[in-house]
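What follows is a set of notes on a single structure, which appears directly below.
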Amino acid sequence: MTQSPPLSEPTRAVRKVHKPSLGDRLAEQIPRLVVSPTMLIAVVFIYGFMIWTVVLSFSTSRILPRYEFIGWQNYQRLFGNERWMVALTNLGIYGVLFVVICLAIGLLLAILLDQKIRAEGFLRTVYLYPMALSFIVTGTVWKWLLNPSVGIQRFGRELGFENFRFDWLVSSDMSIYTVVIAAVWQSSGFVMALFLAGLRGVDDSIIKAAQIDGASRITVYTRIIIPSLRPVFFSAIIMLAHIAIKSFDLALALTGGGPGYSSDLPAIFMYQFSFTRGQMGVGAASAVIMLMGVMAILIPYLYSELRVKKDDR
Amino acid sequence: MANLYIDNVHKSFGETHILKGIDMDIADGEFIILVGPSGCGKSTLMNCIAGLEQVTTGRVIIDDEDVTQSMPKDRDIAMVFQSYALYPNMNVWKNIAFGLEIRKLPKEEIEETVGRVADLLQIRDLLKRKPSQLSGGQRQRVAMGRALARDPKIFLFDEPLSNLDAKLRVEMRTEIKKLHQRLGTTIVYVTHDQIEAMTLANRIAVMKEGHIQQFGTPQEVYDNPANQFVAGFMGSPSMNFIRCQVVDHQGDATIAMSVDGKDFHLPIPQQEKGVRERVGQEVVLGIRPEQITDVVPQQEQASTLANVDAEIIVTEPTGADTLTLIRMNDQEVNCRVHPARAGAPGDTMTFMINMDKAVFFDLASGDRI
């Protein structure tokens, strides 16, 4: 077995040697041929434009691109701009609240739905439904609801509570929180679906074992089930965080960044500087900062995902 | 350490009746096996004993206390699950200690108990590992360790060995038996594997469709099955069932049999009195493969023996014996033959039928006659 005969001398005579035909070879290549246009489009329009944006962020471009390089000046102007700092602070407030509240509500809903209740399928759809709306629709609907003269405040006053106030939408201190409310309303159903899938994956007999061990229902959740959902928490946080960084349409439809620029988010800032104020260089710089923010979240995630695949678990 | 008494337990899910009146009286220290095909209600009965399911009617009495309404945690039982059900986020030490911590035992006592159990099951090296880092056999040990740590009145095992490979299953089977001999705690053990049932049990309860078909020692169940279902379920390869007629032959009731066109009579053993009264009727003869063998000369004088020449259809060597398929009354019959004396398919060889342990069943109901 260890010594194989030399390849030049076949040890056994054969009647015929089969070779693949031209058609067979072509068939083998078809998957590559089919995928290549998509691949090309992705390379040009995603990665190509990403690189172009980075290039523009170092140029003097204003309304139109100009390739006159000025180093880090656009970034200096960006971080010297008070409006950008407001947008970043808002992103901090909005991002943290959005992620934390979505996780809390999503987990709570998932646990409640997992109690073998009646009409679970119906309720699940109800909670998931906001996902089916676009952020623009959500923003518009909540704009009406939160508008003091037509929405919740007026409803409260018509019920007889004359001093009822709910005017966050028009308050420059509170307007960012209305974005949080609308975004949580839209996304917590999705987080619920993630957690529900995780809860369904928990082996029923683990819960039985814990019951026999004497654990109360609450202990079963806090000590065993929720800790074992750690991968779900991880995925949910990643998804919510990058949704938060990219948030644009919701805030634009709901508050338009206002009053003033009190509820500006980086994406709105980027849009306005690049396309309405003729400051493409600064806009590109803000886009690059956002890209880096998203990558800071996604790269560790992708890294851990791919590594897990390799471990075959 | 406790007795267990199950009094006329019924369990229904809506219109589906799973348990239809189960009675069992289990003495302190007995090893009881519930065995039966899937869907026979054995796992439901187990869950009712554990308190994970409420019984619809009937009583569950552990250690002379009626615990029918008690929560699982108040019944002082421990359970080992088929999927092991280890807490995935805790290491082995915490898995074993969890039940003790919940019961607010002092820290030193928990340390000592976990150590003792780890030594007993030889899992001391694994205490720092997470369940995902353990092999199937190791998880099985940890699951047993978790049950042992609690020192309960009754152990419940729900198909604990089904997820192990064949070799490990045999090893763990022996370990469970040793453990029972050492601890002497009452065990109720569910399995669908009749070999596990035979080897482990003090008494076996064979279940089917929500009823206990027979409750007795392994040898009783094997030699004296209550009906055709029990007879067919216990034993591997399973018992042969041959439709045949009871006839009067020279003034004695015998079984008429025909093999390859030759007619002959098989004697009815002394203890099978009921079947003698059914002359002229068709019955089902139950005879195990090891009772149809090659001719053993030193036994040939016994009155319950009959020799017959039959053509071999198929042979299946198992090493220790060769299973040989022949036809009797135009029905296939498995025989257990010494490998050296087994013929080839197509050959005719002489078989010795030992009717000493033959049993008879009613053709319609399948009940023992």
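Of note:
- Candidates B:Gln270, B:Gln250, B:Gln228, B:Gln214 - the one that is more than 25 Å from B:Thr324 (Cα to Cα) and either surrounded by 19 or more Cβ atoms within 10 Å (Cβ to Cβ) or of a type in the set (Val, Ile, Thr) (or both): B:Gln214
- Matching helices (runs of 4 or more DSSP H) fully within the range A:136-242 where at least 3 residues are touching a residue at least 60 places away in the same chain (Cβ under 8 Å) and open to solvent by less than 70 Å² (accessible area, probe 1.4 Å): A:175-200
- Every residue from the range B:60-83 that is more than 8 Å from chain A (Cβ to nearest Cβ) and hydroxyl-bearing (Ser, Thr, Tyr): B:Thr68, B:Ser70
- Count of the range B:309-335 residues, restricted to those that are of a type outside the set (Lys, Arg), open to solvent by 10 Å² or more (accessible area, probe 1.4 Å) and within 22 Å of B:Gln245 (Cβ to Cβ), is 6.
- Among the residues of the range A:75-84, not a single one is surrounded by fewer than 18 Cβ atoms within 10 Å (Cβ to Cβ), among the hydrophobic types (A, V, I, L, M, F, W, C), within 18 Å of A:Gly189 (Cα to Cα) and assigned by TED's automatic domain parsing to the domain that holds A:Phe234.
- Only listed residue being in a helix (DSSP H, G or I) and touching a helix residue (DSSP H, G or I) at 6+ places or on another chain (Cβ under 8 Å), chosen from A:Gly258, A:Gly283: A:Gly283
- Residue, farthest from B:Met355 (Cα to Cα), within the range B:301-338, restricted to residues that are in a loop (DSSP other than H, G, I, E, B) and in contact with a Ser or Thr (Cβ under 7 Å, 6 or more places away or on another chain): B:Ile312
- Checklist (1) within 27 Å of B:Met172 (Cβ to Cβ); (2) touching a residue at least 24 places away in the same chain (Cβ under 8 Å); (3) among the small types (Gly, Ala, Ser) applied to B:Gly115, failing item: (2)
- Note on the range B:337-369: residues that are under 30 Å from B:Val279 (Cα atoms) and not polar (S, T, N, Q) total 17.
- Subset of the range B:184-201 [open to solvent by 70 Å² or more (accessible area, probe 1.4 Å) and either closer than 19 Å to B:Ile154 by Cα or in contact with a strand residue (DSSP E or B) (Cβ under 8 Å, 6 or more places away or on another chain) (or both)]: B:His192
- On inspection, A:Ala296 qualifies as under 25 Å from A:Ser188 (Cα atoms) and at pLDDT 85 or above.
- Scanning the range A:252-284 for residues that are aliphatic (A, V, I, L, M) and touching a residue at least 24 places away in the same chain (Cβ under 8 Å) yields A:Leu252, A:Ala253, A:Leu254, A:Leu265, A:Ile268, A:Met280, A:Val282, A:Ala284.
- Looking only at the range B:84-93, and only at residues there that are open to solvent by less than 50 Å² (accessible area, probe 1.4 Å) and within 13 Å of chain A (Cβ to nearest Cβ), the one that is farthest from A:Arg223 (Cα to Cα): B:Tyr84
- Residue in the range B:20-35 that is nearest to the other protein chains (Cβ to nearest Cβ), counting only those that are under 17 Å from B:His10 (Cβ atoms) and surrounded by 23 or more Cβ atoms within 10 Å (Cβ to Cβ): B:Leu34
- Reported count of residues in the range A:195-247, each being within 9 Å of another protein chain (Cβ to nearest Cβ) and closer than 30 Å to A:Leu88 by Cβ, is 1.
- Within the range B:230-243, the presence of a residue that is over 15 Å from the mean Cα position of the chain (by Cα), closer than 25 Å to B:Ile6 by Cα, assigned to a helix (DSSP H, G or I) and modelled with pLDDT of 90 or more is excluded.
- Hey, B:Met79 among the hydrophobic types (A, V, I, L, M, F, W, C) and assigned to a strand (DSSP E or B) or not: yes
- B:Leu52 buried (at least 19 other Cβ atoms within 10 Å of the Cβ), more than 14 Å from every other protein chain (Cβ to nearest Cβ) and either within 29 Å of the chain's Cα centre (by Cα) or part of a loop (DSSP other than H, G, I, E, B) (or both): no
- Complete set of residues in the range B:271-299 that are within 29 Å of the chain's Cα centre (by Cα), over 17 Å from B:Val247 (Cα atoms) and among the β-branched types (Val, Ile, Thr): B:Ile287, B:Ile292, B:Thr293
- Selected residue (criterion: nearest to the other protein chains (Cβ to nearest Cβ)) from residues of the range B:98-110 that are more than 27 Å from B:Val188 (Cα to Cα) and part of a helix (DSSP H, G or I): B:Glu109
The rows are residues; the columns are (1) assigned to a strand (DSSP E or B); (2) of a type in the set (Asp, Glu); (3) under 26 Å from the mean Cα position of the chain (by Cα).
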site	(1), (2), (3)
B:Thr44	no, no, yes
B:Ala85	no, no, yes
B:Met90	no, no, no
B:Trp93	no, no, no
B:Ile96	no, no, no
B:Glu112	no, yes, no
B:Val117	no, no, no
B:Arg129	no, no, no
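- Of all the criteria given as (1) open to solvent by 30 Å² or more (accessible area, probe 1.4 Å); (2) touching a strand residue (DSSP E or B) at 6+ places or on another chain (Cβ under 8 Å), the one not satisfied by B:Gln181 is (2).
The values are calculated or read from the model by the stated rules, or taken from the named source; none is laboratory data. This one's a predicted model, so the numbers in the text were calculated from it and none came from an experiment. Virtual Cβ from ideal backbone geometry, glycine too; neighbours counted across all protein chains shown. When the accessible area is computed, the model is the full protein with side chains, heavy atoms only, and any ligands, DNA or RNA have been set aside. Shrake-Rupley method; radii C 1.70, N 1.55, O 1.52, S 1.80 Å.
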